[in-house]
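Q: Below is one structure. I have some questions about it.
The values are calculated or read from the model by the stated rules, or taken from the named source; none is laboratory data. Every value quoted in this text rests on a predicted model; they were computed, and no experiment measured them. Cβ placement follows ideal geometry from the backbone for every residue including glycine, while neighbour counts extend to all protein chains displayed. Protein only, heavy atoms only, side chains kept; ligands, DNA and RNA dropped before computing areas. Shrake-Rupley method; radii C 1.70, N 1.55, O 1.52, S 1.80 Å.
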Amino acid sequence: MQLTFHGHACVSLDLPGDRPDDAGTLVIDPGTFSDSVTALTGARAVLITHDHFDHVDAPAVVDHLTAAPDARVWATGPAASALREAGAPADRVHEVTPGQVLDAAGARVTVGGGDHALIHAEIPRAVNVTYLVEVDGGSVYHPGDSFDVPAALPDGGLDVLLVPVSAPWLKTGEFIDFARSVPTRVAVPIHDVFLSEIGHGAVGRWLDTARLGGDYTYTRLAVGESLTV
């Protein structure tokens, strides 16, 4: 499968299939800081980690569901409610909880997590789930706004770990520990809209395996850039 970065926390996965009906595109977290319209083009499955606007562009998702009658959305309860209130067809928006295993556009998707990372003790924590996507031996893990690790890993570890690198709720040591704690072939930074090029340079140095150890390859993707999983 091919992973494409669409800005901030949004990625799409072009999925292979034995038959044309099996193949399709799966999109995770098409939010308002992302090129959500491009990401959603051709999407059969949309996964939403939580209801914050930078992870779900409700009007764009509703427009896509209107235009693509075979598309489906899986989301947390609050995100699903927000989409229905925005006009999404209720029968095509499915609520998820940690521990579920989904079949989304032919991919096996394991739902984990549960809580958004702590921003401040006086700020309520949003419901946040994680998604482990597996298809044809390839695997991608999206943690949403958390550093929750997968409950179980594929044999040999992940192919791609998506690593949040800039947010009001994180500090540098946390994303370093996250990248080092999850066995993966490639680490790709996400949740990066708050970073300047200088900031990206610092993140690249801190996550460089020559400095910190580990076996992964750190790969920053520009918006619209892809890699093969």
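Q: Considering only segment 104-123, state which residues are modelled with pLDDT under 95, in contact with a Phe, Trp or Tyr (Cβ under 8 Å, 6 or more places away or on another chain) and of a type in the set (Val, Ile, Thr).
A: Within segment 104-123, 119 is the sole residue that qualifies.
Q: Does residue 223 count as hydrophobic (A, V, I, L, M, F, W, C), crowded, with 20+ Cβ neighbours inside 10 Å and closer than 18 Å to residue 29 by Cβ?
A: Criteria not met by residue 223.
Q: In addition: What single numbered condition from (1) free of Cβ contacts under 8 Å to residues at least 60 places away in the same chain; (2) within 30 Å of residue 124 (Cα to Cα) fails to hold for residue 66?
A: Result: residue 66 fails condition (2) only.
Q: Residues of segment 33-55 being assigned to a loop (DSSP other than H, G, I, E, B), surrounded by fewer than 20 Cβ atoms within 10 Å (Cβ to Cβ) and either in contact with a Leu (Cβ under 9 Å, 6 or more places away or on another chain) or of a type in the set (Ser, Thr, Tyr) (or both), which ones?
A: 41
Q: Could you tell me which residue of segment 126-145 is farthest from residue 163 (Cα to Cα), considering only residues that are assigned to a loop (DSSP other than H, G, I, E, B) and either free of Cβ contacts under 8 Å to residues at least 40 places away in the same chain or within 9 Å of the chain's Cα centre (by Cα) (or both)?
A: 137
Q: Could you please let me know if residue 14 is without any contact (Cβ under 8 Å) to a residue 12 or more places away in the chain, part of a strand (DSSP E or B) and open to solvent by 20 Å² or more (accessible area, probe 1.4 Å)?
A: no
Q: Can you name the residue in segment 144-158 that is over 16 Å from residue 119 (Cα atoms) and in contact with a Leu (Cβ under 9 Å, 6 or more places away or on another chain) and, of all such residues, is least open to solvent (accessible area, probe 1.4 Å)?
A: Among those that are over 16 Å from residue 119 (Cα atoms) and in contact with a Leu (Cβ under 9 Å, 6 or more places away or on another chain), it is 158.
Q: If you don't mind, there's one more thing I want to ask. Has segment 59-71 got at least one residue that is open to solvent by 10 Å² or more (accessible area, probe 1.4 Å), β-branched (Val, Ile, Thr) and under 21 Å from residue 191 (Cα atoms)?
A: The answer is no, given that none of the residues of segment 59-71 is open to solvent by 10 Å² or more (accessible area, probe 1.4 Å), β-branched (Val, Ile, Thr) and under 21 Å from residue 191 (Cα atoms).
Q: Mind listing whichever residues of segment 168-195 are of a type in the set (A, V, I, L, M) and either part of a loop (DSSP other than H, G, I, E, B) or buried (at least 21 other Cβ atoms within 10 Å of the Cβ) (or both)?
A: Result: 170, 179, 182, 187, 188, 190, 193, 195.
Q: Still on this structure: Output the residues belonging to segment 1-33 that are among the small types (Gly, Ala, Ser) and modelled with pLDDT of 95 or more.
A: Hits for segment 1-33 are 7, 9, 12, 31.
Q: Here's something else I'd like to know. Considering segment 52-83 alone, what residues qualify as being closer than 19 Å to residue 99 by Cα and more than 13 Å from the chain's Cα centre (by Cα)?
A: Scanning segment 52-83 gives 73, 76, 77, 78, 79, 80.
Q: Run down 87, 106 and say which single residue is farther than 29 Å from residue 169 by Cα and touching a residue at least 60 places away in the same chain (Cβ under 8 Å).
A: 106
Q: When you check residue 110 against the structure, is it of a type in the set (Ser, Thr, Tyr), open to solvent by 20 Å² or more (accessible area, probe 1.4 Å) and more than 14 Å from the chain's Cα centre (by Cα), yes or no?
A: no
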